[in-house]
Amino acid sequence: MSSSPQPGDGRPGTRGTGRSAVRRAELIAIGRKLFADTSYDALSMDDIAKQAQVAKGLIYYYFRSKRGYYLAIVEDSVAELVSRAAGGLELPPEQRVHRTVDGYLRYAEQNQAAYRTIVSGGVGFDAEVDAIREGVREAIVKTIAEGAYGRRRVSPLLRTALLGWLCAVEGATLDWIGRGGLSRDLMRELLVKMLGGTLRAVEELDASYPAPRAARRAPRT
């Protein structure tokens, strides 16, 4: 490798603006597809450079290593997914829950390779990658809690219940984008009704968390 100054640790936002930022974004977009279709361990830097049609040194320049490249891809994808799912702050609670689920599904449908990278792409048992994925789950759990109850703080019971629902959502969404067969509207209704069942179960176990109206009959958009 050359002795050129290093641009950072491969995280989003560590490069400057202009052409370099555009080039970095292009490399991340290519990486989303590569790591969605092929496991982390199966891709070498030579493979990545060949697929991206760039010199290997350019990837090292922007991301330092394959792991840095992968982390940048995951974090970029996570930021977009969380932003999409967390929209609709101005909406009433019932509609916001609906909006959160719809935003989540829209992202998965429109960014299938990136979604697979977030949920099932792999770098083994890398603690930092696992922490990134757990972070997106925690963010979505808090978004759902705020939409359903008007607050982001959750009890251990509610957190566990919502994480269980979200894990089911991830599996169902992977199947949905892989097989098709359901419209996004029908998929959204299914997931919202599953959430309603989860929140009703929480209410039965802890009366301080009464199931909101959205859990009893989801509004249609």
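The values are calculated or read from the model by the stated rules, or taken from the named source; none is laboratory data. Treat the numbers as computed from the prediction; the structure is a model and nothing was measured. Please note: Cβ atoms are built from the backbone with ideal geometry, for glycine as well, and neighbour counts cover all protein chains shown.
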Would you mind stating whether Gln95 is surrounded by fewer than 15 Cβ atoms within 10 Å (Cβ to Cβ) and either more than 25 Å from Gly164 (Cβ to Cβ) or over 17 Å from the mean Cα position of the chain (by Cα) (or both)? no
Quick check: is even one residue across segment 119-135 among the β-branched types (Val, Ile, Thr), assigned by TED's automatic domain parsing to the domain that holds Leu186 and within 12 Å of the chain's Cα centre (by Cα)? yes
Lone unmet requirement of (1) at pLDDT 85 or above; (2) in the same structural domain as Gly197 (by TED's automatic domain parsing) for Ile48: (2)
With Leu191, Leu166, Leu162, Leu158 as the choices, which residue is in contact with a Phe, Trp or Tyr (Cβ under 9 Å, 6 or more places away or on another chain) and under 29 Å from Ala36 (Cα atoms)? Leu191
Of the conditions (1) under 14 Å from the mean Cα position of the chain (by Cα); (2) of a type in the set (S, T, N, Q); (3) loosely packed, with under 12 Cβ neighbours inside 10 Å, Ser183 fails just one. Which one is it? (1)
Pick out the one residue from Ala168, Ala161, Ala145 that is without any contact (Cβ under 8 Å) to a residue 40 or more places away in the chain, buried (at least 16 other Cβ atoms within 10 Å of the Cβ) and of a type in the set (A, V, I, L, M). Ala145
So which residues in segment 121-178 are of a type in the set (Val, Ile, Thr) and modelled with pLDDT of 95 or more, if there are any at all? Thr160, Val169, Thr173
Using beta carbons and a limit of 6 Å, which pairs, at least six apart or on different chains, have the first residue in segment 196-207 and in the same structural domain as His98 (by TED's automatic domain parsing) and closer than 12 Å to Trp165 by Cβ and the second one aromatic (Phe, Trp, Tyr) and modelled with pLDDT of 95 or more? Thr198/Trp165
